[in-house]
Structure formats: structure tokens, C-alpha cells
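Participant: My questions will all concern the structure given below.
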Amino acid sequence: SNADEQRSRTLAEVQLLREHRQWQAAFDLLATHSGDDIDLIYEQAMLAEKLRQLDVMEKLLRQVIAQNPSYYNAYNALGFSLADRKVRLPEAKQLIVKALSFAPDDPFITDSLGWVEFRMGNKQAALAILQRAYDTKNDVEIGAHLGEVLWSLGQKDKALKIWREAARIDAKNDLLVETLKRLKVKL
């Protein structure tokens, strides 16, 4: 149908804009085409985060959750964002646990739970959770988080090993690069 074709074209254009780091153009495109399509609203929320429009991101994610209370990626994204910014940590954990209730084996949501535990100061719990996520999915961002927890626990050799593995996957990953820079680590 024409609506399906338009949606596909919009998603393809957004993907191209994302690949070229044209966050504002992608956000604006979705703002004019998302309507009440929760997948497009979710994508728009993720772009709002890239643009550091965190209030807009939160509003859009809450809109997605209101329209579809089982849209677990929205719970996870909002919970992770709060945890990453070290704000409203109990709410962040509650949102992530809710996401896990829908997708208990998802390594990215498990990563979010580990990250919120780390932000709450529960380093040993964070380590166990992040290790489980990393064992399930050898992902750059999960590795960046696991490495940071290991580093904070003084397990620097293990942290460096994990970060080197992550760098072999994608040495230019924004989170990995930022983490290493912030902690003044050279691989």
C-alpha cells in the first residue's frame, strides 16, 4: 500500500541520515512522518537522545509506552538513559526490570540492568549481570560497560582484555571511545 511504501521510504532515509550522523535531519524527517506509528516515534526518541533533547526523548518514549504498554524497548531506552545520566536511579531500574519481564534473555536489556546496578554503586552485582550479558552477546557497548566495571574494581588487566576485544569489533564506537578517553586508557 502507499502508506507501507511511504513508511519504508521514511525508514530507509532515516537510516541513511543516521549513517551520515545527520541526527537533526533524521529527527525532523520523523517528526513530519511518524504520526501515531510507535516504531517511528521510538526512532524519533532515539534521535532526540543523540541531539541531547532528553526531555523530548523522555516524552516520546512515554508516549510509546502509553500507546503500547508491552513495547519493552521503550522501557529499556528510558531506563538506560536515566541510569546513564545518574538520575532517578530507582525509576531507571524499575523501567529496565519491566523491560526484562517482556524479554528476559535480551542481552542489551541485561546490559542496561548491569549498568543501572553500577550507577547505584552495586559493583559486584553489576559485574555478574554485565558478564552474563557479554557472554550472551559479544557486543562493543556491553564490553565498554563491562570493562568500566572491571576497571572500577581494580581488575585492570581484565578490563583491558575486554576493551581490546570490543575495539576489534568496532574501534570507532562512540561509547567505547568516550569510555576510554574519560578513564584515560590507551589500548
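The values are calculated or read from the model by the stated rules, or taken from the named source; none is laboratory data. The structure displayed is predicted, hence computed values, not measured ones. Glycine also receives a Cβ, built like all others from the backbone with ideal geometry; neighbour counts cover every protein chain displayed. Keep in mind that these areas ignore ligands, DNA and RNA; they rest on the heavy atoms of the full protein, side chains included. Shrake-Rupley method; radii C 1.70, N 1.55, O 1.52, S 1.80 Å.
Participant: Of all residues being closer than 13 Å to F27 by Cβ and among the polar types (S, T, N, Q) in segment 41-80, which is surrounded by the fewest Cβ atoms within 10 Å (Cβ to Cβ)? Just the residue, please.
Facilitator: This residue is Q53.
Participant: Among the residues of segment 27-40, are any part of a loop (DSSP other than H, G, I, E, B), free of Cβ contacts under 8 Å to residues at least 12 places away in the same chain and either over 20 Å from D106 (Cα atoms) or among the aliphatic types (A, V, I, L, M) (or both)?
Facilitator: Within segment 27-40 (the criterion being part of a loop (DSSP other than H, G, I, E, B), free of Cβ contacts under 8 Å to residues at least 12 places away in the same chain and either over 20 Å from D106 (Cα atoms) or among the aliphatic types (A, V, I, L, M) (or both)), the answer is yes, since at least one residue qualifies.
Participant: Could I ask something else about it? Tell me yes or no: at least one residue of segment 46-64 is of a type in the set (S, T, N, Q) and closer than 17 Å to S112 by Cα.
Facilitator: No, segment 46-64 contains no residue that is of a type in the set (S, T, N, Q) and closer than 17 Å to S112 by Cα.
Participant: Next up: Is at least one residue of segment 128-147 touching a residue at least 24 places away in the same chain (Cβ under 8 Å), part of a helix (DSSP H, G or I) and loosely packed, with under 14 Cβ neighbours inside 10 Å?
Facilitator: no
Participant: Counting only residues that are closer than 12 Å to L153 by Cα and open to solvent by 60 Å² or more (accessible area, probe 1.4 Å), how many does segment 118-127 have?
Facilitator: The number of residues fulfilling the criteria is 3.
Participant: Please determine, by comparing only the residues of segment 96-117 that are among the hydrophobic types (A, V, I, L, M, F, W, C) and open to solvent by 20 Å² or more (accessible area, probe 1.4 Å), which one is farthest from G147 (Cα to Cα).
Facilitator: Taking the candidates together, the pick is F102.
Participant: Got a number for residues in segment 59-87 being closer than 24 Å to E141 by Cα and part of a loop (DSSP other than H, G, I, E, B)?
Facilitator: Residues flagged as closer than 24 Å to E141 by Cα and part of a loop (DSSP other than H, G, I, E, B) within segment 59-87 amount to 4.
Participant: Return the pair list, or none, for Cβ contacts closer than 6 Å from residues in segment 1-23 that are open to solvent by less than 70 Å² (accessible area, probe 1.4 Å) to residues that are not in a helix (DSSP H, G or I), at least 6 apart or on different chains.
Facilitator: Close Cβ pairs (under 6 Å, with a partner that is not in a helix (DSSP H, G or I)) amount to W23/L51.
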